[in-house]
Amino acid sequence: MKTHLFTVLAAMSLSACNPDRGPEYTTPAEFGEVTVSPQIMAFDSEVRVKVSVSCPYGLRNVCILYMLDGDESDVRTVAKTEPPADVTSFDYEGVIPRQRAGRKVTFRIRAITAYNVPSYTQLREYTVPDEEEEESEQPI
């Protein structure tokens, strides 16, 4: 019985490493231009992020990953969207919640294709101004 189990596990491992797999297992999602609003931050703003996402083999989910003040040990996920199975492109929109004044927020969009290939946009960041700084313009 143990021999059969090892044979099955070996076959599964080989199939996972098979170099003859098609492009659907390596093709990442593509992103359009990321837009962020508001363009001028206020201390109490939610930040709305929009981007077009596409993959010819379908998309499993798209979300925003963000961290505060450069703390890579605390990456948060918001606005996870799971498009229908047959969708190969769509316009994604998510919201980063309000943060307290003085916080630096670093974020990127992550898309996972139907074949589990992760893709990421470039990192973007903004700093939440203090109430007194609200009048000065701080574009993202």
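Whether a residue is within 21 Å of V36 (Cβ to Cβ) and in a loop (DSSP other than H, G, I, E, B) was assessed, and G70 passes this test.
Restricting attention to the range 78-129, the residues being under 30 Å from G22 (Cβ atoms), open to solvent by less than 80 Å² (accessible area, probe 1.4 Å) and either in a strand (DSSP E or B) or of a type in the set (V, I, T) (or both) number 16. Of all the criteria given as (1) over 30 Å from L59 (Cβ atoms); (2) modelled with pLDDT of 95 or more, the one not satisfied by S136 is (2).
Taken over the range 53-76, the criterion of being surrounded by fewer than 12 Cβ atoms within 10 Å (Cβ to Cβ) and in contact with a strand residue (DSSP E or B) (Cβ under 8 Å, 6 or more places away or on another chain) is satisfied by G70, D74.
Residues that are modelled with pLDDT under 95 and in contact with an Asp or Glu (Cβ under 6 Å, 6 or more places away or on another chain) were ranked within the range 41-52; the one that is least open to solvent (accessible area, probe 1.4 Å) is A42.
The values are calculated or read from the model by the stated rules, or taken from the named source; none is laboratory data. This structure is a prediction, so every number in the text was calculated from the model and none was measured. Using ideal geometry, Cβ is built from the backbone for each residue, glycine included, and neighbour counts are taken over all protein chains shown. Note: areas computed on protein heavy atoms with side chains; ligands, DNA, RNA excluded. Shrake-Rupley method; radii C 1.70, N 1.55, O 1.52, S 1.80 Å.
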